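**Q** Please find one structure pasted underneath; my questions will follow.
Computed from the coordinates by the stated procedures, all read-outs in this text should not be read as laboratory data. Because the structure is a prediction, the values reported are computed rather than measured. Don't worry about glycine lacking a Cβ; one is built from the backbone with ideal geometry, like all the others, and counts go over all protein chains shown.
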Amino acid sequence: MNKKLGEYLIEKGLFITAIFSIIIILLIFAFVFREGLPIFQDFGVLNFIFGMEWAPSDGQFGVFTMIIGSLCITLLALIMAVPLSLLCAIFMAEIAPSGMRKILKPVIETLAGIPSVVYGFFGLIVMVPLIRVQFGGTGFSMLSASIILTVMILPTIISVSEDAMRSIPHEYKEASLALGATQWQTIKNVIFPASVPGIITAIILGMGRAIGETLAVIMVAGNVTQIPQSIMDPVRALTSNIALEMGYATGLHYNALFGTAVVLFIMIMVLLVIANYYHYKKKVVIGGGYL
């Protein structure tokens, strides 16, 4: 009886905790939306989202250039980070000796704990001057921000991808090797395809970290409200816009920054819905069945 009562209390406690977490998220979104609602009413939703000019002193509140800037920085960072992360995850999960894995895993996890200001400072002191010397311009650019974000999201994608690969039943690998496949053929045709849902989750987490990063991007991106014509152009991200101007914003300018947060919130939700749709629709066929 006591055992059943304990299980019942634990079950209800976990349920309440889950509901409480959802309520907190909804309250945060409701607060942000309430504070940002006046800009959508006074300036117009389409004018705010697709406006090309951000000049609060002149009453112009268009965030389209910052939407493009955030997406460009994030996509470029993912283009660089995903191949490196997956290769590292494959090496750690399937190839590296146990002794090397014990060294690499904590080192990679330590990278995830480094404060973003440290990454930003490294980019400001090292990456920006290097890009300025090698490619010209000021060095403050989309490329600088993307390189820093690439380093920042590597630990997340590597760790989750490695866990996904190591969670595949060992019988799949043994069956492939028993049929005469080489180690690389087993990784390419069995382990990696079976790990795709977990890898997609890792990329989602890395994407969320990249698109939501603020301080490091502020320090190296240049923060110019324009649509970049090349990776060497300075850009301003949505998060940077909020952090740079919230300290002195008043009136409609204040509401516009909360409107920017609403747009960022919706962008992340849309990206997660698209990625999760692919995640759950992905059918990996192994041995005539579905994983």
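**Q** Under a 5 Å amide H to amide H cut-off, with H placed in plane at 1.01 Å, what residues pair with Phe61 once short-range neighbours are removed?
**A** Amide H neighbours of Phe61: Ala55.
**Q** Mind checking the full-extension length gain between Glu245 and Asn47? Use 0.36 nm per residue of separation minus the Cα-Cα distance, one decimal, nm. Write out the running numbers ahead of the final one.
**A** Working: separation 198, 0.36 × 198 = 71.28 nm, distance 2.00 nm.
Separation in residues times 0.36 nm, less the Cα-Cα distance, equals 69.3 nm.
**Q** Roughly how big is the chain's charge dipole about its Cα centre, with Cβ charges of +1 (Lys, Arg) and -1 (Asp, Glu), in debye to the nearest 20? Each step should come with its number before you reach the end.
**A** Working: 16 positive and 15 negative charges, 168 e Å.
With only Lys, Arg, Asp and Glu charged at Cβ, the dipole is about 800 debye.
**Q** Pop out the ³J(HN,Hα) list for the stretch 125-136 in order, Karplus 6.51 cos²θ - 1.76 cosθ + 1.60 with θ = phi - 60°, rounded to Hz; leave Gly and Pro as x.
**A** Rounded to whole hertz, the list is 8, 10, 5, 4, x, 5, 5, 4, 6, 7, 10, x.
**Q** With just the Cα atoms defining each centre, how far is the stretch 144-189 from the stretch 60-85? Give it in Å.
**A** For the stretch 144-189 versus the stretch 60-85, the Cα centre distance is 25 Å.
**Q** Oh, and also: Output ³J(HN,Hα) for the stretch 150-167: one whole-Hz value per residue in order, computed from phi by the Karplus curve 6.51 cos²θ - 1.76 cosθ + 1.60 with θ = phi - 60°, and x for Gly and Pro.
**A** Rounded to whole hertz, the list is 4, 5, 6, 9, 3, x, 5, 5, 4, 5, 5, 5, 5, 4, 5, 5, 6, 7.
**Q** If you don't mind, there's one more thing I want to ask. Per residue and in cubic angstrom, what volume does the convex hull of the Cα atoms of the stretch 2-47 have? Walk me through the numbers on the way to the answer.
**A** Numbers: hull volume 2.4 nm³, N = 46.
It comes to 53 Å³ per residue, whole-number rounded.
**Q** Hey, another quick one. Which FRET efficiency value, to the nearest 0.05, is calculated for Gln60 and Leu205 with the Förster distance at 51 angstrom and r the Cβ-Cβ distance? Present the calculation step by step, with values, prior to reporting the outcome.
**A** Working: r = 35 Å, r/R0 = 0.69.
It comes out at approximately 0.90.
**Q** Here's another thing I want to ask about it. Sticking with the crude label model, points 7 Å out along Cα→Cβ, report the distance from Leu84 to Arg166 in nm, one decimal please.
**A** So the label points at Leu84 and Arg166 sit 2.2 nm apart.
**Q** State the answer as a single residue: which of Ser116, Pro234, Leu244 lies farthest towards the positive end of the charge dipole of the stretch 115-264, with beta carbon charges of +1 for Lys and Arg and -1 for Asp and Glu, about the Cα centre.
**A** Farthest towards the positive pole: Pro234.
**Q** Now, a different point. Is the shape of the stretch 1-156 rounded, prolate or oblate, going by the alpha carbon gyration tensor and its root eigenvalues a ≥ b ≥ c, with a/c under 1.5 for rounded and a/b larger than b/c for prolate?
**A** On the way: a/c = 2.97, a/b = 1.10, b/c = 2.71.
It is oblate, given that a/c is not under 1.5 and a/b is not larger than b/c.
**Q** Grab the Cα-Cα distance for Val126 and Val273, subtract it from 0.36 nm times how many residues apart they are, and report the gain in nm with one decimal. Mind dumping the intermediate values first?
**A** On the way: separation 147, 0.36 × 147 = 52.92 nm, distance 3.68 nm.
Going from the current span to full extension adds 49.2 nm.
**Q** By how many nm would the segment from Phe33 to Phe135 lengthen if fully extended, with 0.36 nm per residue of separation less the alpha-carbon distance? Before the final figure, lay out each step's value.
**A** Numbers: separation 102, 0.36 × 102 = 36.72 nm, distance 4.18 nm.
Result for the pair: 32.5 nm of gain on full extension.
**Q** How many lysine pairs in the chain, separated by 8 or more positions in sequence or lying on different chains, have Cα atoms less than 25 Å apart?
**A** 13
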